[in-house]
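Everything on this sheet refers to the single structure shown next.
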Amino acid sequence: MKRVAVVGGGVSGLTAAYRLRRLLGDACEIVVFEKTRTPGGKLRTVELAGVPYDVGAEAFLVRRPEMLALAGELGIEVVNPTKARAKIHAGGTVTGLPPGTVMGVPASAESVAGVLSEAGRKAVEAEPSLPELRLPGGDVPLGPLLRSRFGDELVDRLVDPLLGGVYAGGADGLGLRATMPGLASAVAAGAGSLTAAAAAQLPANPSAAPVFGTAPGGLGTVIDRLTDLSGAELRTGLPVCEIERHGTGWRLRIGAAPTAHAPADNTEDVDAVVLAVPAPSARRLLADPVPAASAAFGEVELASMAVVALALPPGTRLPEASGILIGQGERDASGVPYAAKAFTFSSRKWAHLSTGPVFVRGSVGRFGDLGVLQADDVELVRVVRDDLARLTGVRAAPIETLVTRWGGGLPQYGPGHLERVERIEKAVAEVPGLAVAGAALHGVGLPACVATADAAAQRIAAHLTSA
């Protein structure tokens, strides 16, 4: 009987455990170690005002297949958003989030005319006439590239708010190939401008196919099904503090790090290990067995954020929108800045939340700016409610509130990220019986995390069956 340890009980780790079970059947014992009391990682479904509600990731891209296929395997229903459209607060006003862009990079000047000033629109219009775009090898800093081609306004008003919703970071700190690989591929295929590259990436009929999906019972149902169907032993509440080579396999030390006065005696011996943990934990665990991978993980920068969930009284009227993105530095009509970076009007966005309590999520936190995150939960709720009132006029007192903090929860895909991941994977590939997965590698969205978990499970299964 082979034994595999999966370190990390988020969606990446539990998907790896599930996939290992599918690949190896009953010939393998799988143990999942999760340092917190509750598995799920960035998937967290709570009961708010008596209704299952996601306070971590609340949706996933359905145009990428991995997560959608996994939900089908698990027997989980997937629903798509309503027809409500998102809006954006940019340039001091709220307007519809323009279609015809790739993360804010426009396919035409007309597509962003409602968000930009006339000068900004003309800058976009002129972009195809600039010298033909050619990208160097390796990644390219995204912000400087976009500013050189479109000017500052497009970046500040549209691209940064969209990226902030995914990475909690702006274009100036991210890489083109790491965050928008489709655009880079279109340029490599001959698109001579970013406008043409964006046009090449857009579907022929954007309104025909949904972009996002979720589980009506909350994405926590994915975690429940993965745990059940993996048949793994789930151990929560104790961290793995060390992994080391032990014969042909691995030895894990569980619990607090050993000291001279309190040596660790809680160990587990296994044949293989999947590490599906955030970058700082991966750096620490790989420091001795794979120092090159550890050093690369140590270079990953992280952003923190918080989700403030509000359950408002039934009948509370929300704007006719799925949500509002808020650009950094945006202010209300009296010049007072907003602390929140986005609001999701969940009861407008999802039909299964359209009756009963009215749900709103406020997101707070940007890379490099702890600011309001240093406030306690009571103050954070007050600040977000004040932003909501100034932005929309909604002042109803909540039935229930919940603040969920994601400290260091979002890795930043800066220039050099792809090379960094290549170093990690090359170093790990040289070590038998070890694999890595998670959001620090090939994407922060659920489909990308599932893809890394599938690859990790394939690697470990191949190792164990050939041993």
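Just so you know, all these numbers are worked out from the coordinates, no wet-lab data involved. Because the structure is a prediction, the values reported are computed rather than measured. Here the Cβ is made from the backbone with ideal geometry for all residues, glycine too, and neighbour counts use every protein chain on show.
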Q: Just grab the label-to-label distance for A27 and K426, each label 7 Å out from Cα along the Cβ direction, in nm (one decimal).
A: 3.4 nm
Q. Could you work out Rg/(2.2 N^0.38 Å) for the range 100-194, with Rg from alpha carbons only?
A. 0.99
Q) Mean residue ellipticity at 222 nm from the helices of the chain, using -39,500 (n - 2.57) per DSSP H segment of n ≥ 4 over the full residue count, to the nearest 500 deg cm²/dmol? A) -9500 deg cm²/dmol
Q.
Shape verdict for the range 307-402, please, from the Cα gyration tensor: rounded (a/c under 1.5), prolate (a/b greater than b/c) or oblate.
A. prolate
Q: Whole Å is fine, so just give me how far the alpha carbon centre of the range 15-45 lies from that of the range 440-464.
A: 13 Å
Q | For the range 49-132, convex hull volume per residue from C-alpha positions, Å³ | A | 164 Å³
Q: Please express the Cα-Cα pair-distance distribution P(r) of the range 145-205 as a list of whole percents, one per 5 Å bin, running from 0 to the bin with the greatest distance.
A: 4, 17, 24, 29, 19, 7, 0
Q) Roughly how many debye, to the nearest 20, is the charge dipole of the range 100-194 about its Cα centre, given +1 on each Lys and Arg Cβ, -1 on each Asp and Glu Cβ, and no other charges? A) 180 debye
Q. From a point 7 Å beyond the Cα of R405 in the direction of its Cβ, which residues of the range 152-173 have a backbone N at a distance under 20 Å?
A. 168-169
Q) Restricting attention to the range 281-354, which trypsin sites (Lys or Arg not before Pro) occupy a DSSP loop and are surrounded by at most 16 other Cβ atoms within 10 Å? A) R317
Q: Rank-order 377-385, 390-398, 358-366, 8-16 by packing density, defined as the average count of other C-beta atoms within 10 Å over each peptide's residues, highest first.
A: 8-16, 358-366, 377-385, 390-398
Q | Relative frequency of Cα-Cα separations exceeding 39 Å in the chain, percent | A | 24 percent
Q: Taking the Cβ of Y167 as the centre, find all other residues whose Cβ is under 14 Å away and add up their charges (Lys, Arg: +1; Asp, Glu: -1).
A: -1
Q) Taking the Cα centre of the chain as the origin and placing charges on Cβ (Lys, Arg +1; Asp, Glu -1), which of A351, T267, L388 is farthest toward the positive end of the dipole? A) A351
Q | Magnitude of the charge dipole, the chain, Cβ model with Lys/Arg +1 and Asp/Glu -1, debye to 20 | A | 500 debye
Q | Residue (of P210, S193, G438) at the positive-pole extreme of the chain, dipole from beta-carbon charges | A | P210
Q) Using 1/(1 + (r/R0)^6) with R0 = 30 angstrom and r between the beta carbons of R331 and D376, what's the FRET efficiency to the nearest 0.05? A) 0.75
Q) Where does helix 417-429 land angle-wise versus the long Cα axis of the chain, in degrees 0 to 90, nearest 10? A) 10 degrees
Q.
What does the extension gain come out to for V79 and T248, with contour length at 0.36 nm per residue minus their alpha carbon separation?
A. 56.3 nm
Q) Applying 1/(1 + (r/R0)^6) with R0 = 51 Å to the Cβ-Cβ distance of L130 and R395, what FRET efficiency is obtained, to the nearest 0.05? A) 0.60
